[in-house]
Amino acid sequence: MTLRFALLGDPVRHSISPAMHRAAFDVLGLDAEYVARRTAPDEVGPVMRSADLAGGNVTLPHKLRAARGLTRPSAAVRATGACNCWWRRADGELAGDNTDVGGLRIALTRLGFQPRGARVLLLGAGGAARAAVQAFLEGGVSSVEVLNRTTARARALRDRALAHATGADHPTDADRAADANRATDAGYAANADRAVDAVRVVAAPHPGAMYDLVLNSTSLGLSPADPLPLDLDRGADGVRFGAAFDMVYAAGGTAWTRHARALGIRAMGGLEMLVGQAALSLERWFPDRAAPFEAMREAAVAELAMRPGSGPAARSETPRQRRER
Ligand code: NAP
């Protein structure tokens, strides 16, 4: 029987996810389908519960709503309040995870970023920033300084991390026991007490600071007319950056990753995270299979190059340029 998976969101027309998952199903010889389905808010719960689907992904603007519809949320879902991947278990329970967290971890590893003890500057405080904070705390960073246009939202992000670290959002002992069975969750538990003072809200980069990583989780860069999320050329205040990661992705790289590289800062765009979260989603649905990461990346790059505005330059990039996108 063909297993059916769907991406729920609005809009979903230009999503790269169907191409990545279809490529993976082909390589693995799985009898499975993946479709993008434009979904209204009140359809999310019913579609997730429908017997037609074995599982799927969730994108903007439904990740928070999807989290509330799960009967078996992972620790990452409880920590972030967001779900981007769900599946129906054999016992009928609706399980879900936030694989943006692991996807970001995979991408940052490829960038060469070592989280343990690192000082991080996080730009933005929306849904994607929640996944970033979780990934950083799991990795044992020494501090995450959150810089956001709306300070109240940055404070809310910090408070959420604090609530999770102190166990205020862990409903039962059974949930804690389940978390301990997963490597990432155990890693998080070991580092959770650090969260109490690791996440800080700032109004600007700290003068003279050396940040091991600056990460853009704002939506700046989605439009070519956007200003840079942060000018990394900080001559006057002496701030320096070891690496830059842009969650936004674009064929040929984002303006901000090009800006970073021009200053000699190692930089990577968000495509690698997108592929990472898709690969981890596939491994949640098929726990005995390893996701074919390279085939999924190739499919994502090809799909991105087909988008309006990507131009011939993007289609003739070298493999290294593609990885850095
Ligand atoms: P979101 O919840 O809507 O948050 C948007 C963030 O961008 C907020 O911090 C917002 O600041 C900031 N922002 C928006 N316009 C701004 C402006 N003009 N100036 C300064 N800051 C501005 O969105 P999200 O879900 O966090 O997603 C953010 C980005 O991450 C999107 O580009 C998304 O595509 C990307 N993303 C990528 C991946 C991946 O796999 N690569 C995964 C998830 C998300 P305020 O709080 O002040 O409004």
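Please pick out the residue among ALA76, ALA118 that is more than 15 Å from the ligand (Cβ to nearest atom) and hydrophobic (A, V, I, L, M, F, W, C).
Numbers: ALA76 fails: more than 15 Å from the ligand (Cβ to nearest atom).
Of the residues listed, the single one that is more than 15 Å from the ligand (Cβ to nearest atom) and hydrophobic (A, V, I, L, M, F, W, C) is ALA118.
Just give me the residues in region 22-45 being of a type in the set (Phe, Trp, Tyr) and touching a His at 6+ places or on another chain (Cβ under 6 Å), in sequence order. Outline the logic, then answer.
Filtering region 22-45 for residues of a type in the set (Phe, Trp, Tyr) gives 25, 34.
Selection gives TYR34 alone.
Within region 47-63, identify whether any single residue is buried (at least 21 other Cβ atoms within 10 Å of the Cβ), in contact with a His (Cβ under 7 Å, 6 or more places away or on another chain), within 17 Å of GLU283 (Cα to Cα) and not β-branched (Val, Ile, Thr), and answer yes or no.
Taking region 47-63 and keeping what is buried (at least 21 other Cβ atoms within 10 Å of the Cβ), we get 48, 55-58, 62-63.
Then keep just the ones that are in contact with a His (Cβ under 7 Å, 6 or more places away or on another chain); that gives none.
Scanning region 47-63, I find no residue that is buried (at least 21 other Cβ atoms within 10 Å of the Cβ), in contact with a His (Cβ under 7 Å, 6 or more places away or on another chain), within 17 Å of GLU283 (Cα to Cα) and not β-branched (Val, Ile, Thr), so the answer is no.
Any chance you could count how many residues in region 1-49 are in a strand (DSSP E or B) and within 22 Å of the chain's Cα centre (by Cα)? Full working, then the answer.
To start, the set of residues in region 1-49 that are in a strand (DSSP E or B) comprises 3-9, 32-38.
Going one step further and asking which of them are within 22 Å of the chain's Cα centre (by Cα), we end up with 5-9, 34-38.
Going through region 1-49 one residue at a time, the tally reaches 10.
Quickly run through region 29-43 and pick out the residues that are farther than 22 Å from PHE286 by Cα and touching a strand residue (DSSP E or B) at 6+ places or on another chain (Cβ under 6 Å). Give the derivation first.
The first filter runs over region 29-43 and keeps only residues farther than 22 Å from PHE286 by Cα, leaving 38-43.
Once the filter is applied, which keeps residues that are farther than 22 Å from PHE286 by Cα and touching a strand residue (DSSP E or B) at 6+ places or on another chain (Cβ under 6 Å), region 29-43 yields only THR39.
Just to verify a result, which residue in region 216-229, among those that are more than 10 Å from the ligand (Cβ to nearest atom) and touching a residue at least 24 places away in the same chain (Cβ under 8 Å), is surrounded by the most Cβ atoms within 10 Å (Cβ to Cβ)? Can you show your working first?
Narrowing region 216-229 to residues more than 10 Å from the ligand (Cβ to nearest atom): 224-225, 228.
Those still in the list that are touching a residue at least 24 places away in the same chain (Cβ under 8 Å) too: 224, 228.
Values: PRO224: 9, LEU228: 17.
Taking the candidates together, the pick is LEU228.
Among the residues of region 133-146, write down those that are more than 18 Å from the chain's Cα centre (by Cα) and either open to solvent by 10 Å² or more (accessible area, probe 1.4 Å) or among the aromatic types (Phe, Trp, Tyr) (or both).
Residue satisfying the conditions is SER142 alone.
Residue check: is ARG234 surrounded by fewer than 22 Cβ atoms within 10 Å (Cβ to Cβ) and touching a strand residue (DSSP E or B) at 6+ places or on another chain (Cβ under 9 Å)?
On the way: surrounded by fewer than 22 Cβ atoms within 10 Å (Cβ to Cβ): yes; touching a strand residue (DSSP E or B) at 6+ places or on another chain (Cβ under 9 Å): yes.
It is true that ARG234 is surrounded by fewer than 22 Cβ atoms within 10 Å (Cβ to Cβ) and touching a strand residue (DSSP E or B) at 6+ places or on another chain (Cβ under 9 Å).
State whether the residues of region 90-100 include one that is closer than 26 Å to MET306 by Cα and either among the polar types (S, T, N, Q) or open to solvent by less than 10 Å² (accessible area, probe 1.4 Å) (or both).
Of region 90-100, the ones closer than 26 Å to MET306 by Cα are 99-100.
With either among the polar types (S, T, N, Q) or open to solvent by less than 10 Å² (accessible area, probe 1.4 Å) (or both) added as a condition, the list becomes 99.
Looking for residues that are closer than 26 Å to MET306 by Cα and either among the polar types (S, T, N, Q) or open to solvent by less than 10 Å² (accessible area, probe 1.4 Å) (or both), one finds at least one in region 90-100, hence yes.
Take the residues in region 102-111 that are more than 10 Å from the ligand (Cβ to nearest atom) and open to solvent by less than 40 Å² (accessible area, probe 1.4 Å), then tell me which one is nearest to the chain's Cα centre (by Cα). Please lay out each step first, then the result.
Of all residues in region 102-111, those more than 10 Å from the ligand (Cβ to nearest atom) come to 102, 105-106, 108-111.
From what is left, the residues that are open to solvent by less than 40 Å² (accessible area, probe 1.4 Å) are 102, 108, 111.
Working: GLY102: 7, LEU108: 11, LEU111: 15 Å.
This residue is GLY102.
Cβ-Cβ under 6 Å, sequence separation 6+ or interchain: first residue in region 92-118 and touching a residue at least 12 places away in the same chain (Cβ under 8 Å) and under 10 Å from ALA135 (Cα atoms), partner of a type in the set (Val, Ile, Thr) and buried (at least 24 other Cβ atoms within 10 Å of the Cβ). Which pairs?
Close Cβ pairs satisfying both conditions: PRO115/VAL141.
Determine whether ARG258 is in a strand (DSSP E or B) and among the basic types (Lys, Arg). Give the steps one after another, and end with the answer.
Working: in a strand (DSSP E or B): no; among the basic types (Lys, Arg): yes.
No: the conditions fail for ARG258.
What's the number of the only condition in (1) open to solvent by 10 Å² or more (accessible area, probe 1.4 Å); (2) in contact with a helix residue (DSSP H, G or I) (Cβ under 7 Å, 6 or more places away or on another chain); (3) under 28 Å from MET210 (Cα atoms) that TRP87 fails to meet?
Only one criterion in (1) open to solvent by 10 Å² or more (accessible area, probe 1.4 Å); (2) in contact with a helix residue (DSSP H, G or I) (Cβ under 7 Å, 6 or more places away or on another chain); (3) under 28 Å from MET210 (Cα atoms) is unmet by TRP87, namely (3).
The values are calculated or read from the model by the stated rules, or taken from the named source; none is laboratory data. Computed from a predicted structure; not experimentally measured. Here Cβ is always computed from backbone atoms with ideal geometry, including for glycine, and neighbour counts include all displayed protein chains. For accessibility, only protein heavy atoms count, side chains too; no ligands or nucleic acids. Shrake-Rupley method; radii C 1.70, N 1.55, O 1.52, S 1.80 Å.
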